[in-house]
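Shown next, in structure tokens, is the structure this report addresses.
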Amino acid sequence: MAGKGGRTPGAGRKKVYELQAAKDVFTPHADKAVKCLVDAAEKGNIKAAEIVAAYAFGKPNVTVEVTGKLEMLVIDDDKDQG
């Protein structure tokens, strides 16, 4: 099938100048955005409270329990060399 794989326009990390342009647009509004989030959190908005807490204190560690059978594959390259 042709057309599968290869470089995709617009994929990958954003360029530094693109990130800086976005930052320049939003920076003047940062204080107002923080105030709105804090106000919403104080009024009981749980999602706003989660966002404020995540930025103020960092996200808590998440523990994931994985169950199942673990099988190991051992490749012994020393046999082939002699």
Is it true that some residue in region 45-57 is assigned to a loop (DSSP other than H, G, I, E, B), modelled with pLDDT of 95 or more and among the charged types (D, E, K, R)?
-> no
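Would you check if Lys14 is out of contact with any helix residue (DSSP H, G or I) (no Cβ under 6 Å at 6 or more places or on another chain) and either exposed (fewer than 10 other Cβ atoms within 10 Å of the Cβ) or of a type in the set (Ser, Thr, Tyr) (or both)?
Here the answer is no, as Lys14 does not meet what is asked.
The values are calculated or read from the model by the stated rules, or taken from the named source; none is laboratory data. For clarity, every value in this text was computed on a predicted model and none was experimentally measured. Cβ atoms come from the backbone with ideal geometry, glycine included; neighbour counts cover every protein chain shown.
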